[in-house]
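*Asks:* Got a structure for you, written out below as structure tokens; questions coming shortly.
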Amino acid sequence: MLRASSKLNQSGIDIKAVVDGNVDSMIPAGPSLASFAEALVSRSSNLERLRSNLVDEVGEQGMIEAAGTAANFQRMVRIADAIGIPLDDRSLSAADALIEELDIKTFHSASNTYRFD
């Protein structure tokens, strides 16, 4: 999804699609990919059905790549949360608008890397 979204971002993609399933991501199979990734991370009982739906839309190899990508991001987030990687002032300054737009400060793991007032 990231590779596709970065290409689409040049044409004005709405970044809110990352956190709002009602926003069209403009990525082929985007809703299925997002549902699959969310189910994988939350260990949903729907995972098997969503995996099958994803295979129908993007093929078995596409599902495998989506699973690997989601698992890798989950791993990286757990490492960052465990060691509490702080964002430097420059990164925070650049990210402020995006943090507000996506309301990232409400995410459970936000307190591990960024202190919100």
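Readers should treat all values here as calculations from the given coordinates under stated rules, not as data from a laboratory. Only a predicted model underlies this, so the values are computations on that prediction, with no experimental measurement involved. All Cβ positions, glycine included, derive from the backbone under ideal geometry; neighbour counts span all protein chains shown.
*Asks:* Take L98, project a point 7 Å from its Cα along the Cβ direction, then tell me which residues of the range 52-75 have their backbone nitrogen under 17 Å from it.
*Replies:* Within reach of a label on L98, which here means backbone N under 17 Å from a point 7 Å along Cα→Cβ, the range 52-75 contributes 73-74.
*Asks:* Another question, if that's okay. What does the charge count around E101 come to, taking other residues whose C-beta lies under 14 Å from its C-beta (Lys +1, Arg +1, Asp -1, Glu -1)? Could you put the intermediate results ahead of the total?
*Replies:* Details: positive: K16, K105; negative: D14, D20, D96, E100, D103.
So the environment of E101 carries a net charge of -3.
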